[in-house]
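J.: Let me give you the structure first, and then I'll get to my questions.
Derivation of every value follows stated rules applied to the coordinates shown; laboratory data play no part. Values in this document were obtained by computation on a predicted structure and should not be read as measured data. Heads up, the Cβs are rebuilt from the backbone with ideal geometry, glycines too, and the neighbour counts pull from every protein chain shown.
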Amino acid sequence: MTPANSATADWQQEGNAHFRTGNAFFRTSSSTGRDLAVLAATFYRAQQGQLRVIDAMTGCGIRPLRYGLEAGADYVWANEGNGDLRSLIQSNLSHSLPANRYKITHQDANALFFDCHIRQDFYDLIDIDGFGSPTPTLSTALWAVKIGGLLYLTSTDGRATSGRATDKSLQSYGAYARSHPAVHEQGLRLLLGAVMQQAAAKGLCAEPIFSFYSGEVNRVMVRITRQSWQTQQYGFLAYCHDCGQFQTVAWKKLGRVECVCQPKFTPAISGPMWLGPLHDAGWLAGMQALAVARSLKIEPLARMQAEINLPPYFYPLAEIGRRAKIDIPPSKALIEQLRQQGFLASWTHINSQAIKTDAPMAVCLTLAKQIAAEIAPASSLEMS
Ligand SMILES: C[S@@+](CC[C@H](N)C(=O)[O-])C[C@H]1O[C@@H](n2cnc3c(N)ncnc32)[C@H](O)[C@@H]1O
Ligand SMILES: [Zn+2]
């Protein structure tokens, strides 16, 4: 349905939502993050028979519209700290949703979450899409989410999570983030680690539903349960700048970290962070089935499914090429070779020019050199 006055050129469409962005912060490039959240919310609604949502930092109101129109949300609460956006949000929501299915407020998100808790008014999905790190509102959101409900968090603080601002990573995540080739995955894992630790402090567990990195933005959706916290998966990631090998490190082993290349090289250690799966296989399968049923092509879903059981890091192909002193190796051939040797190997949604594998870096280099040697005679024959 197109709004009656959508003849004016500033109305846009994303999913089933028609809206204007006015002076609100809005990025078209974030649409896949919204698509994934809508699919997860739809899957939740189908299982639980109810979906009440708080979009704590709504901007123009695109998310409440999409949760309402596409995920079947029974009720959406659109909150936006900037009261100047009220008429824009009101105009967008009132065009497509009946007045009894939404509410608009202009509180600080923390005040809103505490207010919910005081009134014992708990929500199925809380979406926090602010600027920088979500940590200032992370623990308070846990006061307003239902047990069994979902929290969707965004962070855009790449400097803190990539080793360029270690003081900031300590401040936001209680973790020391070092630089290495897989820092974009590290951003997701630090965020998951922070929400899990905060949930655990309240006797709760935050279980990953999906994690999505795109365009310097980290997004994680977790489900809050009363399960016990998997502390053995909350640890450290070590990277050897000398040989390029990653390894995971448990708390008890912190004093004895050595690299496979030579004991004298102490790897750079980041963490603590979540080292377990980034996604839940059942939820991704459910979301994929919904996407197929709706004829939606959500590009990263297949790679997200493929990477679930792989280690908590990746190797960029350029890094393998540089270390092997060859051209950038072809990912398909390298993944096939690694699998033939009995290793796990896959692409990752985080970096299209990287692979995930449980094979040591040394094996990747040997296989990449073999592939390069096989390609080289074939291409010189073609040239002759
Ligand atoms: C990234 S924009 C939201 C974009 C929107 N979710 C979307 O998908 O288009 C962040 C919004 O959060 C608002 N905001 C930031 N901090 C807030 C807070 N503590 N409480 C409420 N709103 C806040 C800002 O005014 C801004 O409009
Ligand atoms: Zn090493």
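J.: For the stretch 4-147, report the convex hull volume of the alpha-carbon atoms normalised per residue, in Å³, without decimals. Don't jump to the answer; show the numbers that get you there.
T.: Working: hull volume 15.8 nm³, N = 144.
About 110 Å³ per residue, rounded to a whole number.
J.: Mean separation of Cα pairs under 8 Å and 6+ residues apart, divided by the residue count of the stretch 314-383: what relative contact order is that in percent?
T.: Relative contact order here is 35 percent.
J.: Å³ per residue of the Cα convex hull, for the stretch 103-261?
T.: Convex hull volume per residue, Cα atoms: 123 Å³.
J.: Right, here's the next one. For the stretch 266-384, just run the numbers: alpha carbon Rg, then divide by 2.2 N^0.38 Å, N being how many residues it has. Before the final figure, lay out the partial values.
T.: On the way: Rg = 17.1 Å, N = 119, 2.2 N^0.38 = 13.5 Å.
Normalised Cα radius of gyration, the stretch 266-384: 1.26.
J.: Follow-up. Could you give the length gained on full extension between His117 and Gln90, defined as 0.36 nm per residue of separation minus the Cα-Cα distance, in nm?
T.: Result: 7.2 nm gained on full extension.
J.: Nearest 10 degrees, 0 to 90: what angle lies between the long axis of helix 86-96 and the longest principal axis of the chain (Cα atoms)?
T.: The angle comes out at about 90 degrees.
J.: Using θ = phi - 60° and the Karplus form 6.51 cos²θ - 1.76 cosθ + 1.60, what ³J(HN,Hα) does each residue of the stretch 145-154 get, whole Hz, x for Gly and Pro?
T.: Per residue, the Karplus-derived 3J(HN,Hα) values read 8, 6, 5, x, x, 10, 10, 10, 10, 10 Hz.
J.: Would you work out the charge dipole size for the chain about its Cα centre, treating the Cβ of every Lys and Arg as +1 and the Cβ of every Asp and Glu as -1, and quote it to the nearest 20 debye?
T.: Its charge dipole is roughly 560 debye.
J.: Right, next: From largest to smallest, what semi-axes in whole angstrom does the stretch 314-383 give when each is the square root of 5 times an eigenvalue of its alpha carbon gyration tensor?
T.: Value: 20, 13, 11 Å, ordered largest first.
J.: Here is a follow-up. Pairing the Cα long axis of helix 109-118 with the longest principal axis of the chain, what angle in degrees results, from 0 to 90 and rounded to the nearest 10?
T.: 70
J.: For the stretch 21-69, I need the span (max minus min coordinate) of the C-alpha atoms along each principal axis, in Å, sorted largest to smallest.
T.: Here the spans come out as 36, 19, 16 Å, largest first.
J.: Only Cα pairs under 8 Å and at least 6 apart count here; give the relative contact order of the chain as a rounded whole percent.
T.: 11
J.: Whole-Hz Karplus ³J(HN,Hα) for the stretch 22-35, in order, using 6.51 cos²θ - 1.76 cosθ + 1.60 and θ = phi - 60°, x for Gly and Pro?
T.: x, 8, 6, 6, 8, 10, 4, 5, 8, 4, 5, x, 6, 4
J.: Based solely on its DSSP helices, what 222 nm [θ] is calculated for the chain when runs of n ≥ 4 H residues each add -39,500 (n - 2.57) and the sum is averaged over all residues, nearest 500 deg cm²/dmol?
T.: That comes out to -11500 deg cm²/dmol.
J.: How do the peptides 56-63, 72-79 rank, highest first, by the average count of neighbouring beta carbon atoms within 10 Å per residue?
T.: Going from most to least packed, we get 56-63, 72-79.
J.: Amide H to amide H, which residues 5 or more places from Gly148 or on other chains are under 5 Å from it, using H placed in the peptide plane?
T.: For Gly148, whose amide H was placed from the backbone, the distant partners under 5 Å are Ile224, Thr225.
J.: Moving on to the next point. How charged is the neighbourhood of Cys240? Take every other residue with its Cβ under 14 Å from the Cβ of Cys240, and add Lys/Arg as +1 and Asp/Glu as -1.
T.: Net charge in that neighbourhood comes out at 0.
J.: Among Lys264/Lys325; Lys146/Lys356; Lys168/Lys297; Lys168/Lys253; Lys168/Lys332, which pairs are too far apart, with a Cα-Cα distance over 29 Å?
T.: On the way: Lys264/Lys325 24 Å; Lys146/Lys356 35 Å; Lys168/Lys297 37 Å; Lys168/Lys253 25 Å; Lys168/Lys332 38 Å.
Over 29 Å Cα-Cα: Lys146/Lys356; Lys168/Lys297; Lys168/Lys332.
J.: Sticking with this one: So which cysteines in the chain don't have a second cysteine's C-beta under 4.7 Å from them?
T.: Cys60, Cys116, Cys205, Cys364
J.: Dividing the alpha-carbon radius of gyration of the chain by 2.2 N^0.38 Å (N being the number of residues), what value is obtained?
T.: Working: Rg = 22.6 Å, N = 384, 2.2 N^0.38 = 21.1 Å.
Dividing the Cα Rg of the chain by 2.2 N^0.38 Å gives 1.07.
J.: Cβ under 14 Å from Ala141's Cβ, Ala141 left aside: what net charge do those residues give with Lys, Arg +1 and Asp, Glu -1? Intermediate results must be reported in sequence, preceding the final value.
T.: Details: positive: Lys146, Lys202, Arg223; negative: Asp55, Asp108, Asp115, Asp121, Asp124, Asp127, Asp129.
Result for the neighbourhood of Ala141: -4.
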